[in-house]
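Comments concern the structure below.
We did not get these values from a lab; they are worked out from the coordinates using the rules stated. What you are looking at is a predicted structure, and each value in this text was computed from that prediction instead of being measured. Cβ atoms come from the backbone with ideal geometry, glycine included; neighbour counts cover every protein chain shown.
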Amino acid sequence: MILPPIPTPFDREGRLDEEAFRELAQALEPLVDGLLVYGSNGEGVHLTPEERARGLRALRPRKPFLVGLMEETLPQAEGALLEAKAAGAMALLATPPRYHHGSLGAGLLRYYEALAEKMPLFLYHVPQNTKVDLPLEAVEALAPHPNVLGIKDSSGDLSRIAFYQARLREFRVYTGHAPTFLGALALGAEGGILAAANLAPRAYRALLDHFREGRLAEAQELQKKLFPLGDLLAKGGVPLLKQALRHLGLPAGYPRPPYPAESPLWERFLPVLEGLKEEGWVL
């Protein structure tokens with residue numbers, strides 16, 4: 001499966017643009033297997049509870065979708081969980097609490113178990129953003145829970161993907177790291193929840209199909225071609241992704257202040273984007 005973590009559009013003053021949010025989702029949805037709403041690239045941590053609710057009401061996705069949950073405590077998480085459930089989300093995608101992670105201890109397991117008692121979820125390991133490692137021991141302990149469906153691992157650490165395959169056979173694994181997408185597939189990942197899939201969904205679908213059908217040389221060639229796109233996006237984050245989508249004429253809006261509207265990597269990224277567009281891989 002290929003799911004893009006859809007950006008949340010804000011206007012230049014940082015106000016949520018619900019109409020643009022719905023239009024962007026409608027443009028992407030036919031090209032992918034589903035959506036992630038309010039993930040890292042969806043700026044879930046930048047939204048008020050009221051905005052989260054408004055955005056979900058505006059979207060009305062037709063395909064399966066996940067909702068990102070990046071809270072610190074169970075009381076904070078409960079409102080967002082209930083809204084996601086009411087909106088018809090397939091599952092949550094939940095990061096671990098991070099601010100006091102050093103003293104969390106067994107509370108990490110209790111946090112995820114309490115969420116899973118109310119709604120299916122995927123664990124979310126994204127240490128480059130959270131600055132917190134989700135211990136493999138905790139993943140292994142949580143995996144047997146019937147409502148812990150799997151994990152999105154955006155670390156790019158292929159040894160972790162190998163661990164999931166070796167030790168957690170029924171666990172669904174998605175990579176969030178586009179530069180190592182093919183390697184993750186080779187180690188057992190089911191698909192990708194990739195920022196780059198907002199821009200080149202057909203390319204990542206083709207790469208996944210090549211791999212599944214055993215056309216490894218074609219998969220390797222396409223991974224090589226897509227590497228600069230994923231690598232620069234991983235470095236440029238939300239400002240670069242939204243700038244690229246705006247360049248393509250899609251209503252991605254702007255990052256919420258104080259984050260910049262334009263990325264310093266744009267001059268390097270534009271030729272990559274245009275080259276892939278000429279080949280028919282970009283929206």
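Okay, here's what the table says:
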| item | result |
| --- | --- |
| Tally of Lys pairs whose C-alpha atoms are under 23 Å apart, taken over the chain, 8 or more apart or cross-chain | 19 |
| Volume in Å³ per residue [convex hull over Cα atoms, computed for the stretch 2-279] | 122 |
| Phi to ³J(HN,Hα) by Karplus 6.51 cos²θ - 1.76 cosθ + 1.60 over the stretch 217-231, Hz, x for Gly, Pro | 5, 5, 4, 5, 5, 6, 4, 4, 5, 7, 3, x, 4, x, 5 |
| For the stretch 147-283, alpha-carbon Rg and Dmax in angstrom | 15.6, 46 |
| Volume per residue that the Cα convex hull of the stretch 51-147 spans, once the total is divided by residue count, Å³ | 105 |
| The chain, dipole about Cα centre (Lys/Arg Cβ +1, Asp/Glu Cβ -1), debye to the nearest 20 | 180 |
